[in-house]
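Written out below as structure tokens is the structure these notes cover.
The values are calculated or read from the model by the stated rules, or taken from the named source; none is laboratory data. Quantities reported herein were computed from a predicted structural model and do not represent experimental measurements. Because the Cβ atoms are built from the backbone with ideal geometry, glycine has one as well, and the counts that use them run over all protein chains shown.
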């Protein structure tokens with residue numbers, strides 16, 4: 001659209017048949033005030049950019065373009081709101097999952113701590129039982145050794161008594177020392193007389 005230089009207005013009103021379509025965002029501040037209030041440098045920059053970075057369009061076209069742009073922005077806004085809602089839901093889901101994981105972790109730690117305490121108690125009980133059994137075994141060993149020593153003493157005394165009795169019996173049967181009874185050695189060092197049958201009558 002071509003605009004007569006005398007009709008150029010940076011801020012068109014409702015009666016102006018055209019509107020400005022600004023493609024370069026850096027130029028938008030120039031359209032915030034009238035052309036007469038700009039410097040010569042700004043005027044020269046606008047002159048070099050016209051038709052390239054901005055252009056005049058029919059008001060109806062500008063209105064339509066604005067409406068289309070607004071519609072696009074509204075659609076983008078709706079999409080962003082949906083994405084934001086989904087992100088919030090996902091964030092809440094992640095927070096819930098995090099809380100569940102933290103709860104499970106805490107429960108697992110508490111359970112592990114309880115199991116450790118139970119195992120330590122069992123180990124302590126087993127150690128006490130082992131100590132008691134060792135003490136009992138040591139006591140039984142001492143008693144066994146005592147019994148063995150007592151048995152050895154009784155056995156030795158009994159052997160001495162048997163030998164003495166056998167000696168007395170032999171001296172009684174053979175007062176002149178003419179003979180003696182044969183003996184054989186038994187278990188545990190005991191001596192027992194061998195049974196014999198006289199070959200002839202012995203007169204006393």
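From 71, 21, which residue is at pLDDT below 95 and touching a helix residue (DSSP H, G or I) at 6+ places or on another chain (Cβ under 7 Å)?
21
Does residue 126 satisfy the criteria of being more than 30 Å from residue 19 (Cα to Cα), surrounded by 10 or more Cβ atoms within 10 Å (Cβ to Cβ) and touching a strand residue (DSSP E or B) at 6+ places or on another chain (Cβ under 7 Å)?
So residue 126 fails the test.
Of the residues that make up the stretch 6-22, is at least one exposed (fewer than 14 other Cβ atoms within 10 Å of the Cβ) and assigned to a helix (DSSP H, G or I)?
Yes; the residues of the stretch 6-22 include at least one that is exposed (fewer than 14 other Cβ atoms within 10 Å of the Cβ) and assigned to a helix (DSSP H, G or I).
So which residues in the stretch 34-51 are farther than 17 Å from residue 18 by Cα and surrounded by fewer than 15 Cβ atoms within 10 Å (Cβ to Cβ)?
36, 37, 39, 40, 41, 43, 44, 47, 48
Within the stretch 54-69, is even one residue surrounded by 12 or more Cβ atoms within 10 Å (Cβ to Cβ), part of a strand (DSSP E or B) and without any contact (Cβ under 8 Å) to a residue 24 or more places away in the chain?
No, because not a single residue in the stretch 54-69 is surrounded by 12 or more Cβ atoms within 10 Å (Cβ to Cβ), part of a strand (DSSP E or B) and without any contact (Cβ under 8 Å) to a residue 24 or more places away in the chain.
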